[in-house]
Structure formats: C-alpha cells, structure tokens
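Reviewing the structure listed below.
None of the figures in this text is laboratory data; all of them are computed from the coordinates on show. Keep in mind the model is a prediction, meaning the values are calculated, not measured. Virtual Cβ from ideal backbone geometry, glycine too; neighbours counted across all protein chains shown.
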Amino acid sequence: MNAPVKRVLFVCVENSNRSQMAEAFARMLGGSAVQAYSAGSRPSGVVNPKAIAAMRELGYDLSTHGSKSLQELPDVEFDFVATMGCGDECPFIKARNRADWSFPDPKYLSPDEYRNVRDQIREKVRSILRGIGVSVLYDFPAYASEPLQERPDVKFNFVAREVALLDSVVFATS
C-alpha cells in the first residue's frame, strides 16, 4: 500500500528566494511523495535571479516558478508548513506540523553567502521530509559542481544530526 502524498508549504515575505528554494528542494528530494508549495505574505511577483542561478548549480530550473500569494494556495491542511521571516504577517494556515525557520534573507548576499543559505535550506527540508515520513530521493553532493546522484536504493535513517535540525519543529500529537 502506498503512503499518502504529503503536502508541504514554505512561506516567506516576497516568495522570491528562501521559500522558492525550499519548495524546489521538497520537489527534488520528495519526488512524487510530496506536493510542495511556496507563497509570500507580500509576493514580489518575480523569482530572484540569484535564486534561479543558485538552484541551477544543483540542476534545478527555478525559472519555471512564479512568485505567489497566500491566496493562491489550495484550501487544504498541510502536513508541514515552514515560515521564514514573515512573523505576524503570515496568517494562520492549517497544518499538522509547523516551524518558523530563521534563515537570513539572502537577496543582498554575495554568491558564496547565498549558496550557504541555500545549502542550509536544503538540509532543513531534507530533515523535515524525513520527519514526516518521506523517503528522500537524492543525496546531494557537498559541492555544487559535482553532479546529482539518484539514490532510490538508499534507506535513510534518522540520526542525531537531523534531530538537531528539527529543533524548531513542533509536531502535532493527534
């Protein structure tokens, strides 16, 4: 029997950097086991070219994404919602699990600093997917210049390092 598809949402203010990359990583890592969404409390209307370039380094075409508002989301309960920097501007969204991630807004950062934020988001998304029961499809290389390697045969275990990444997540008990 197949597990139900997990719905995940990533929200920031403009939906042009952090939340877009998080949505992309959820799609890359979760494959068909995940429906990934992103939105902004005040969307900019464009995806930052730096985000597009940073994700292209990992083989993902973020230029196909658009900056979306919260009103464009489906009216469903999400399995997980992460907010990033929108604070009180993020309205209540129905979710079984939620967290507020404190990544810096990378839009004015240097390319190396931008990559650092991107990589932190990737690790957080990877841990969250595992935490909600999704088998991760890819094992990303440490350096963007290395090719992606599909790893469907690898069964990932929840280890202490990933538990530490989940420190801001509150999982529902019901």
Between Arg96 and Arg42, how many nm apart are label points set 7 Å from Cα along the C-beta direction?
3.4 nm
Over what distance in Å are the Cα centres of region 21-90 and region 102-120 separated?
15 Å
Reachable lysines from Lys94, Cα under 16 Å, same-chain residues fewer than 8 places away excluded?
Lys6
Sorted peptide list for 15-23, 67-75, criterion being average Cβ within 10 angstrom, highest first:
15-23, 67-75
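For Asp75 and Tyr108 in the same chain, what is the full-extension length gain: residue separation times 0.36 nm, less their Cα-Cα distance, in nm?
Taking Asp75 through Tyr108 to full extension adds about 8.6 nm, to one decimal.
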Evaluate the relative contact order of region 18-101 (contact order divided by residue number), counting alpha-carbon pairs under 8 angstrom at least 6 apart; express in whole percent.
26 percent
Partner lysines whose C-alpha sits under 24 Å from that of Lys107, ignoring same-chain residues fewer than 8 away, are Lys50, Lys68, Lys124
